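Down below is the structure, laid out as structure tokens.
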Amino acid sequence: IILGATKPTISVKSDLDIISPNADGFKDSVKFSLKVSAFNKIKSWSLKIIRIGPKIERTFAGLGNPPETVSWFGEKDDKKPLPDRQYSYTFEVDDEAGNRVSSLLKPITIDTTKPQIQVVVQPNIFSPNGDGYKDEASFALSYKDKSPAARWKLEIENGKKKVIKKFDGEGSLPVALTWDGKDEDGRTLKDGIYNYLLSAEDTVGNKMITFRQTFKIDNTPPEVRLSADPILFSPNADGEKDTATFLLE
Ligand SMILES: [Ca+2]
Ligand SMILES: [Ca+2]
Ligand SMILES: [Ca+2]
């Protein structure tokens, strides 16, 4: 038998960088593709999932050539689920000549956590009647998660919880959205109490929705009744009824 000193060359690739192993059918596992080309026969192989520390949490291994793919559902060796965090993986083979090669560590993240999201409107009473005073409202949005946002939606509902205006998008959320108080058909909304709520989804399908919050549209100028006391006055500095007190009700 001639045993060559030529080391095997190997590669490993994953189809996802982040998984959400929560059995909802969306990104629940990662598929690692393993490749080996070797002069000598392969004696054994392993694929290890490692937590920084380091601690080996999951080992896939066998004798001879590795399979083309290995799927991992975020479990430990005892099949229990691992907690959300970033892990690393490495692929290793030994050939029969005693050569060992290992791939560089690459990251793989488990994320089954919903994003933390918030929305606040300013001001929460406004009058979109074009008089230049409080005609617009601004929604401040925030998103916090291990994974980036995949999509988001801000909905404005009338008192009957019917959506009358919607802002949405893919990818990161805008920091703020300005709204002119018009509905989807461009009509200025009537006076009343409205709801707003934000929903967002991370790239591995974890969804979050905020509680309903309210704001008020008030386009009606306040009715001001002016009354004076006394009704008749004579500001001639004679000390008699020289001043009047105006009352705004
Ligand atoms: Ca999932
Ligand atoms: Ca998440
Ligand atoms: Ca106004």
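The values are calculated or read from the model by the stated rules, or taken from the named source; none is laboratory data. None of the values given here were measured: they were computed from a predicted structure. Note: ideal-geometry Cβ built from the backbone for every residue, glycine included; neighbour counts use all protein chains shown. Just the protein is used for accessible areas: all its heavy atoms, side chains included, with ligands, DNA and RNA removed. Shrake-Rupley method; radii C 1.70, N 1.55, O 1.52, S 1.80 Å.
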Of all residues in region 11-20, which are open to solvent by 40 Å² or more (accessible area, probe 1.4 Å) and touching a strand residue (DSSP E or B) at 6+ places or on another chain (Cβ under 6 Å)?
-> S11, K13, D15
Return the total of residues in region 26-37 being open to solvent by less than 60 Å² (accessible area, probe 1.4 Å) and either under 22 Å from N99 (Cα atoms) or within 16 Å of ligand 1 (Cβ to nearest atom) (or both).
-> 6
Answer yes if at least one residue in region 114-128 is closer than 30 Å to P67 by Cβ and either crowded, with 16+ Cβ neighbours inside 10 Å or away from ligand 3 (no atom under 16 Å from the Cβ) (or both), and no otherwise.
-> no
With respect to the numbered conditions (1) open to solvent by 80 Å² or more (accessible area, probe 1.4 Å); (2) more than 22 Å from the chain's Cα centre (by Cα); (3) in the same structural domain as E57 (by TED's automatic domain parsing), which one is the sole condition not fulfilled by D185?
-> (3)
Yes or no: D78 in contact (Cβ under 8 Å) with a residue 40 or more places away in the chain, among the acidic types (D, E) and more than 25 Å from T214 (Cβ to Cβ)?
-> no
Before we move on, is S103 at pLDDT 95 or above and over 36 Å from the mean Cα position of the chain (by Cα)?
-> no
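One line per residue, one yes/no per condition, for (1) aliphatic (A, V, I, L, M); (2) out of contact with any Phe, Trp or Tyr (no Cβ under 7 Å at 6 or more places or on another chain); (3) farther than 30 Å from K43 by Cβ; (4) away from ligand 1 (no atom under 16 Å from the Cβ):
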position: S103; (1), (2), (3), (4): no, no, no, yes
position: D111; (1), (2), (3), (4): no, yes, yes, no
position: P115; (1), (2), (3), (4): no, no, yes, no
position: N124; (1), (2), (3), (4): no, no, yes, yes
position: P128; (1), (2), (3), (4): no, yes, yes, yes
position: K134; (1), (2), (3), (4): no, no, yes, yes
position: S142; (1), (2), (3), (4): no, yes, yes, yes
Has region 71-78 got at least one residue that is among the acidic types (D, E), away from ligand 3 (no atom under 16 Å from the Cβ) and closer than 30 Å to F39 by Cα?
-> no
Return the pairs, sorted by first residue and then second, in which the second residue is of a type in the set (K, R), the first residue lies in region 164-176 and is under 19 Å from P148 (Cα atoms), the beta carbons are less than 6 Å apart, and the residues are 6+ apart or on different chains.
-> D168/K153; E170/R151
Among residues belonging to region 59-82 that are more than 22 Å from T9 (Cα to Cα) and of a type in the set (D, E), point out the one that is surrounded by the fewest Cβ atoms within 10 Å (Cβ to Cβ).
-> D78
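One line per residue, one yes/no per condition, for (1) within 32 Å of the chain's Cα centre (by Cα); (2) within 16 Å of ligand 1 (Cβ to nearest atom); (3) under 21 Å from D202 (Cβ atoms):
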position: T9; (1), (2), (3): no, no, no
position: D24; (1), (2), (3): yes, yes, yes
position: V70; (1), (2), (3): yes, no, no
position: P83; (1), (2), (3): yes, yes, yes
position: Q86; (1), (2), (3): yes, no, yes
Breaking point among (1) open to solvent by 20 Å² or more (accessible area, probe 1.4 Å); (2) modelled with pLDDT under 95, for N40 = (1)
Could you give every pair whose Cβ atoms fall below 7 Å, whose first residue belongs to region 199-223 and is closer than 19 Å to D17 by Cβ, and whose second residue is part of a loop (DSSP other than H, G, I, E, B) and basic (K, R), counting only separations of at least 6 or pairs across chains?
-> V204/K27; G205/K27; N206/K114
